[in-house]
Each structure stands twice: as structure tokens, then as C-alpha cells.
Amino acid sequence: MQIFDDSGFFPNISHSTVNASSIYRLVENNLGIAIVPTSLKYGYDLKIKFIELTNIPQRTTQKIVWGSSNANPVLENFINIIRNPESEFILE
């Protein structure tokens, strides 16, 4: 909302959700626009257009959490990918 406020635009909000799939379906069906983190544009194949807002000061951070007792062998690889997104990894 700060992005809108700073731009002097005051949207008429009729629906709000944090679910990316719901957001994208609403936009795809011409029921509005959305501002989402850049990382949320991956993994969807919908008829929507993403425009990166590079000239704004607002930024968001994302966190991952997991249980310290989690013994899933995939967890270590996943954490390595998150920490080093440019590195290569092997899917077995």
C-alpha cells in the first residue's frame, strides 16, 4: 500500500488475499491489478503480464523457516539452493 500512497494513487480495494494463485486468477480475469514480490512471478503459466517496478524505494524480504528436528534429506539441498541461487545442483 505504501507504493500506492507514495504515488498518490488510492485504489478501491474490493478483495485482498496473500495467496499468489488467487491474486493471479483475479488479475487474469480482469478483476484488478496487483503488486507482488518479483520472486512470485516464477512457476505460473497464466495470461498475465509482469512489469518490474525498479524505480521505487520499497523492497520486501522473504524468509524460510523449518523445524530444527526436520530430518528430511532434501532440506539441506533446498537451503543450499536458497543461499546460492546461482549454483548448480543435481536432482537425483
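The values are calculated or read from the model by the stated rules, or taken from the named source; none is laboratory data. Every value quoted in this text rests on a predicted model; they were computed, and no experiment measured them. So basically every Cβ, Gly included, is an ideal-geometry build from the backbone, and we count neighbours across all protein chains shown.
Go through segment 1-30 residue by residue and tally those that are among the small types (Gly, Ala, Ser) and over 27 Å from Asp45 (Cβ atoms). Before you say what the answer is, go through the steps one by one.
Here is the first cut: in segment 1-30, the ones among the small types (Gly, Ala, Ser) are 7-8, 14, 16, 20-22.
Checking the rest, the ones that are also over 27 Å from Asp45 (Cβ atoms) come to 7-8.
The total comes to 2.
Considering segment 23-63 alone, what residues qualify as being among the hydroxyl-bearing types (Ser, Thr, Tyr) and closer than 22 Å to Ile13 by Cα?
The initial filter retains those residues of segment 23-63 that are among the hydroxyl-bearing types (Ser, Thr, Tyr), namely 24, 38-39, 42, 44, 54, 60-61.
Of everything in segment 23-63, those that are among the hydroxyl-bearing types (Ser, Thr, Tyr) and closer than 22 Å to Ile13 by Cα turn out to be Tyr24, Thr38, Thr60.
Taking the listed residues Ile64, Ile81, Ile13, the one that is loosely packed, with under 10 Cβ neighbours inside 10 Å and free of Cβ contacts under 8 Å to residues at least 12 places away in the same chain is Ile13, with no other qualifying.
Of all the listed residues (Tyr44, Tyr24), the sole one being assigned to a loop (DSSP other than H, G, I, E, B) and within 14 Å of the chain's Cα centre (by Cα) is Tyr44. Scan segment 51-61 and give yes if some residue there is part of a loop (DSSP other than H, G, I, E, B), at pLDDT 85 or above, touching a Ser or Thr at 6+ places or on another chain (Cβ under 8 Å) and loosely packed, with under 11 Cβ neighbours inside 10 Å, otherwise no. Among the residues of segment 51-61, at least one is part of a loop (DSSP other than H, G, I, E, B), at pLDDT 85 or above, touching a Ser or Thr at 6+ places or on another chain (Cβ under 8 Å) and loosely packed, with under 11 Cβ neighbours inside 10 Å, which makes the answer yes. Can you find a residue in segment 48-58 that is touching a residue at least 24 places away in the same chain (Cβ under 8 Å) and polar (S, T, N, Q)? There is at least one residue in segment 48-58 that is touching a residue at least 24 places away in the same chain (Cβ under 8 Å) and polar (S, T, N, Q).
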